[in-house]
Amino acid sequence: MSDVFGSVLIVGITIVLVATLYALRFPLQHAPPTVMYQIVTDSKRPVWGDPTDCYPNLPYPPSYYLGNGSTGAYQTRYNDYMQAWQQDCMNGDNGTYNMMNVTLIEFTEVSSPISLSNVELQFLCTNYTPTYVRTTLVQGVLSAMEWEPGQSENLSTSAPTLSKCATYDASGQGADSVYYNRMGYFDPVNFKLNVLAPAETMVVYVHTDNSVVEAPNTIEPSSTWNKSDPDDYHGAPPWCFTVPNACEINFIDTAVTPNVLLTSVPLYQL
């Protein structure tokens, strides 16, 4: 009888222990996705985000509308051009943009799906002299930083704006705040795909003094039209690409707590 009682007691204790362990079980941590990328240099992409680098969609070249003064019939042509520019460039984004030098961060492998709304880009800048200064130029999720060249796409309501890159301030004031699309943009395979996938690309503008040509527009004097535009903010400061450890772009998985760094891309010598 005692043997039977002992067996029942052991079984009962085992059941209680199993139930207790089950109640106290800890969730397993899922491994973060593995992300691989390749760098593509010496490429060109349209300059999105600056209406002074945009030509309106018209049936004739700008010289037809702007090359013969501003009186009589020519005034009508001039007005036609500027009205189209306001619609396609200033108040829209479906004009034709100048081409600019870019560096491409092209994703080649993603081990498991991750929503673009959970992938955060963090652009960090570090200046070591005369004092140590570390700032975030721009920070936002990829789903809010999308543009597919050649296709009109209005800015997301959550589109991030630029701040400072070490000692360089690109933020602007109030309504003149500079959006991320002066630094670059995320080019998806297509707008219907909402996860990070191979072939999707982060485009980073590389600004040199002669890389952007001012298009005819109403907000800059005509003396600047069709000339190089050295003072307009585009891309990261040139020293990001020449000074070691000065600038880096981090891609972070925000779907888990704590957040996980997917990959980090230094801009030096890209």
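No lab work stands behind these numbers, since they all come straight from the coordinates. Small disclaimer: the values here were computed from a predicted structure and weren't measured. As a convention, Cβ positions derive from the backbone with ideal geometry for all residues, glycine included, and neighbour counts pool all protein chains shown.
Quick rundown of the values:
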quantity	calculated
Cut-off under 5 Å, modelled amide H: who pairs with Glu146 long-range	Phe186
Radius 15 Å from Cβ of Pro198, net charge of other residues (Lys, Arg +1; Asp, Glu -1)	-4
Local electrostatic count at Ile39 - Lys and Arg +1, Asp and Glu -1, tallied over other residues with Cβ under 14 Å	-3
3J(HN,Hα) from dihedral phi, segment 260-270, Karplus parametrisation 6.51/-1.76/1.60, rounded to Hz, x for glycine, proline	10, 6, 6, 6, 10, 10, x, 8, 4, 6, 6
5 angstrom amide H check on Tyr168, placed H, neighbours 5+ away	none
Sequence-distant residues sharing a close amide H with Val212 (under 5 Å, placed H)	Asp229
Packing-based ranking, highest mean first, of 115-122, 152-159, 200-207, 55-62 given that Cβ atoms within 10 Å are counted	200-207, 115-122, 55-62, 152-159
3J(HN,Hα) from dihedral phi, segment 156-167, Karplus parametrisation 6.51/-1.76/1.60, rounded to Hz, x for glycine, proline	5, 5, 9, 4, x, 10, 7, 10, 10, 10, 6, 8
Highest to lowest packing among 126-135, 213-222, scored as the average C-beta count within 10 Å	213-222, 126-135
Under 16 Å from the Cα of Lys164 - lysines, other chains or at least 8 residues apart	none
Partners for Lys227 among lysines (Cα-Cα distance below 21 Å; same-chain residues under 8 apart left out)	Lys44
Förster radius 25 Å - calculated FRET efficiency between Tyr74 and Asn226 (Cβ-Cβ, nearest 0.05)	0.90
For segment 105-117, 3J(HN,Hα) per residue [Karplus equation, 6.51 cos²θ - 1.76 cosθ + 1.60, θ = phi - 60°, Hz, x = Gly/Pro]	9, 9, 6, 10, 8, 9, 5, 8, x, 9, 4, 4, 6
Peptides 94-106, 252-264 ordered by average Cβ neighbours within 10 Å, highest first	94-106, 252-264
